[in-house]
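S.K.: Quick one: structure below, then a few questions.
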Amino acid sequence: MAAEKPAPVRVLYCGVCGLPAEYCEFGSDFERCKPWLRANAPGVYPEELLASSSSAAAAGDKDVDKVGERLRGVGISTADGSTSAGDASASKPEEVKRLPGGKVKKKDKQEVSIEKIVRNKRKCVTVVKGLELFGVKLSDASKKLGKKFATGASVVKGPTEKEQIDVQGDISYDIVEFITDTWPDVPESAIFFVEDGGRKVAAA
């Protein structure tokens, strides 16, 4: 005797969101589905749930707006007794970067280091680091260095993941004068040559 085949289940799909009617509440806009559900699937959801009108939601939105306006007008008192308005334009306190273990990360010292590196026993590269600390845009600086010394210059990431300028050839002989003339904000006293072994020698 053959087993009876179960009757196919008829699924009622919502005419608004396209989901099965019992899944409308998980859709993106249940409020828009409610009128359709009241008319076409009255038994799927309790009447109280479908009766909650969009006007109540709108009233809730107005309450949220009122609270937001009230918070924007609240003043925040500072240590010296003055108050500042709690708006988005208020200056944020400078964030202190901390290293693992709670140590405070020190700010980079404002100095430019120039290092001559010999590769493959013949190829020489002059590495310039620290110009960005004086507000110099490295991409512009590399173009000016390449043009001045008629050589290739590019911005690359160094071993410490900080950007530096690699200039092809040994240009350390008059690069200091070029830097101070081109970018007056960089004092000669802040420029150092890095010799073998990592020892720094002041250019001034």
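Throughout, read-outs are computed from the coordinates displayed, never taken from laboratory work. Since the model is a prediction, treat every value here as computed from it, not as a measurement. Glycine gets a Cβ as well: all are built from the backbone with ideal geometry, and neighbour counts include every protein chain shown.
S.K.: On a 19 Å Cα-Cα criterion, which of the cross-link pairs K109/K143; K116/K157; K121/K157; K109/K148; K143/K200 come out too long?
M.R.: Violating the 19 Å Cα-Cα cut-off are K109/K143; K121/K157; K109/K148; K143/K200.
S.K.: How far apart, in nm, are two points set 7 Å out from the Cα along the Cα-to-Cβ line at S28 and at D196?
M.R.: It is 6.8 nm.
S.K.: On a full-extension model of 0.36 nm per residue, what is the gain between R38 and K143, subtracting their alpha-carbon distance, rounded to one decimal in nm?
M.R.: 30.8 nm
S.K.: Where in region 129-161 does the amide nitrogen come within less than 20 Å of the point 7 Å from the Cα of Y173, taken along Cα to Cβ?
M.R.: Output list for this probe position: 145-153.
S.K.: So, counting K/R as plus one and D/E as minus one, what does the shell of residues with Cβ under 15 Å around D185 add up to?
M.R.: -3
S.K.: Under a no-solvent Debye model with one identical scatterer per Cα of region 116-204, what's log10 I(q)/I(0) at q = 0.11, 0.12, 0.13, 0.26 Å⁻¹?
M.R.: Debye intensities relative to I(0), on a log10 scale: -0.28, -0.34, -0.40, -1.72.
S.K.: Would you give the gap between the C-alpha center of region 113-150 and the C-alpha center of region 10-52, rounded to a whole Å?
M.R.: Taking the Cα centre of region 10-52 as reference, the centre of region 113-150 is 67 Å away.
S.K.: Gain in length, L49 to N120, computed as 0.36 nm per residue apart minus the alpha-carbon separation, to one decimal in nm?
M.R.: My answer for the length gained is 17.8 nm.
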